[in-house]
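The values are calculated or read from the model by the stated rules, or taken from the named source; none is laboratory data. Keep in mind it's a predicted model, so treat the numbers as computed, not measured. For neighbour counting, all protein chains shown are included, and Cβ atoms are generated from backbone atoms with ideal geometry for every residue, glycine included. In case anyone asks, the SASA skips ligands and DNA or RNA and just uses the protein heavy atoms, side chains included. Shrake-Rupley method; radii C 1.70, N 1.55, O 1.52, S 1.80 Å.
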Amino acid sequence: MSLSPNHGERRGGVRPDLVVIHYTAMATARESLERLCDPVAEVSAHYLIAEDGEVMSLVPEERRAWHAGAGRWGEVTDVNSRSIGIELQNRGTHPYAHPQMLALERLVGDILARWSIPPERVIGHSDMAPTRKADPGPRFDWRRLARAGLSVWPEEGEGDPQDLLPALRSFGYDPALPPDLLLRAFRLRFRPWAEGPVSPRDAGAALDLARRFPVDHRASAA
């Protein structure tokens, strides 16, 4: 039983091995729910979490929800078939509510356990589709999620700025993206208030992520 009609079979019979986090960019949870369940809109997610922490299950996890669209993470190009999508009620202009973050942590923890997904496979919409998307945005607390063991965060350090792009591609960002877009996508998640050209701190963080969490191309092929 699902609230949204917007879903289908996971292509090739694959299992989900990614979690993609979004914000709704809409004013209220009711409006977001209506859109995610509207067959004309042709969009959905597996879950919607309201600001008060209410978790609404819209599509069964076994099904392919229509949340990610065109994009790539590692070698995965059909992200919808390989992921579970979570929409957070937020316009993208204000911090995420504490009850909402608590609910997200519980939900992500359960999903990772159910599907044996490692925390480095929890990503933002902006990670896999940076040409189109900026969610969950600079106000989302990725560090908090990483401290709970539900995502990853880089260690502080410095590196050669020339090593930034190979490191980001090794971590999972689309190697076809231009350098300025790769830097912007990386900073949006890990250094959201950084500006200017690539710095040694950017490179150090990217190198640490690539060293500890290199994308497994064999597991990602599809």
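Looking at this structure, is A134 part of a helix (DSSP H, G or I) and modelled with pLDDT of 95 or more? Step through it out loud before you land on a result.
Details: part of a helix (DSSP H, G or I): no; modelled with pLDDT of 95 or more: yes.
Here the answer is no, as A134 does not meet what is asked.
If D78 satisfies every condition in (1) over 15 Å from the mean Cα position of the chain (by Cα); (2) open to solvent by 20 Å² or more (accessible area, probe 1.4 Å) but one, which is the exception?
Going through the list (1) over 15 Å from the mean Cα position of the chain (by Cα); (2) open to solvent by 20 Å² or more (accessible area, probe 1.4 Å), D78 breaks only (1).
Taking the range 154-165 only, how many residues are out of contact with any Pro (no Cβ under 9 Å at 6 or more places or on another chain) and either open to solvent by 50 Å² or more (accessible area, probe 1.4 Å) or hydroxyl-bearing (S, T, Y) (or both)? Spell out the reasoning first.
Within the range 154-165, the subset out of contact with any Pro (no Cβ under 9 Å at 6 or more places or on another chain) is 154-156, 162-163.
So of that shortlist, the ones also either open to solvent by 50 Å² or more (accessible area, probe 1.4 Å) or hydroxyl-bearing (S, T, Y) (or both) come out as 155-156, 162-163.
The total comes to 4.
Hey, could you check the range 48-70 for residues that are in a loop (DSSP other than H, G, I, E, B) and open to solvent by less than 20 Å² (accessible area, probe 1.4 Å) and say which is nearest to H7 (Cα to Cα)?
Top of the filtered list is V59.
When you check D216 against the structure, is it within 17 Å of G74 (Cα to Cα) and at pLDDT below 95, yes or no?
Values: within 17 Å of G74 (Cα to Cα): yes; at pLDDT below 95: yes.
Considered against the rule, which asks whether it is within 17 Å of G74 (Cα to Cα) and at pLDDT below 95, D216 comes out as yes.
Mind checking which residues of the range 12-47 are assigned to a loop (DSSP other than H, G, I, E, B), open to solvent by 20 Å² or more (accessible area, probe 1.4 Å) and out of contact with any Ser or Thr (no Cβ under 7 Å at 6 or more places or on another chain)?
Scanning the range 12-47 gives R15, D17, A25, A27, T28, D38, P39, V40, A41, E42, V43.
Can you confirm whether the range 166-175 contains a residue that is touching a Leu at 6+ places or on another chain (Cβ under 9 Å), assigned to a loop (DSSP other than H, G, I, E, B), farther than 28 Å from R106 by Cα and not hydroxyl-bearing (S, T, Y)?
Checked against the condition, which is being touching a Leu at 6+ places or on another chain (Cβ under 9 Å), assigned to a loop (DSSP other than H, G, I, E, B), farther than 28 Å from R106 by Cα and not hydroxyl-bearing (S, T, Y), the range 166-175 yields at least one hit.
Pick from I117, I84: which is under 12 Å from the mean Cα position of the chain (by Cα) and within 28 Å of L181 (Cα to Cα)? Outline the logic, then answer.
Numbers: I117 fails: under 12 Å from the mean Cα position of the chain (by Cα).
I84 is the lone residue from the list that is under 12 Å from the mean Cα position of the chain (by Cα) and within 28 Å of L181 (Cα to Cα).
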